[in-house]
Amino acid sequence: MLSDIITTLHQHWASSTAGTPTLYPGTVLNTDEASAWYELWVNALGDLPHRRAHPETLNVAITIHCFARHSTNTLLAHELAEAAQVALTHQDFPIFHGANANNVVGHLSIREGTLRNLSKVHADRTLPQLQQLVLSFIAQAQRLPNQ
């Protein structure tokens, strides 16, 4: 089910953040010339206890790193984080199996995220500073019965 969650989440993310590149695990993105980009990570946290009659439930951690390197716009990383929050906070959407949009196997509910600033000041202040904000979300995925 985790692979279906990741595929569905990546599709939702791509449609919500068009214009800003995203680095996914296992992919390569040259950021040498980029002024802004995201990194998106999805991890399973484990099953919640449930009764046999209830569908499978899985907690999922969604971590988004927002990177910005701009000489004049010092709020660019915050703008990226705000766009990410809008795209994911309190979102509920179906989980599809593979690329088949007609085969719904579950439901994903994303809670409100937390934001941390991991930016560090570079010793050479003449260079554009790399800003890094990290958004962390917890989501709950629930498999539909008989899926």
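The values are calculated or read from the model by the stated rules, or taken from the named source; none is laboratory data. Worth saying up front: this structure is predicted, and the values here are computed from it rather than measured. Backbone-built Cβ (ideal geometry, glycine too); neighbour counts: all protein chains shown.
Given (1) at pLDDT below 90; (2) of a type outside the set (S, T, Y); (3) loosely packed, with under 15 Cβ neighbours inside 10 Å, identify the lone condition not met by H97. Condition not satisfied by H97: (3). Mind checking whether some residue in segment 132-142 is modelled with pLDDT under 95 and of a type in the set (F, W, Y)? No. The residues in segment 13-40 that are surrounded by 12 or more Cβ atoms within 10 Å (Cβ to Cβ), free of Cβ contacts under 8 Å to residues at least 40 places away in the same chain and in a helix (DSSP H, G or I) can be counted, and the count is 1. The set of residues in segment 100-113 that are modelled with pLDDT of 80 or more and either closer than 19 Å to P145 by Cβ or among the aliphatic types (A, V, I, L, M) (or both) comprises N103, V104, V105, G106, H107, L108, S109, I110.
The one condition from (1) more than 12 Å from the chain's Cα centre (by Cα); (2) closer than 20 Å to Q131 by Cα; (3) surrounded by 14 or more Cβ atoms within 10 Å (Cβ to Cβ); (4) modelled with pLDDT of 90 or more that R116 does not meet is (3).
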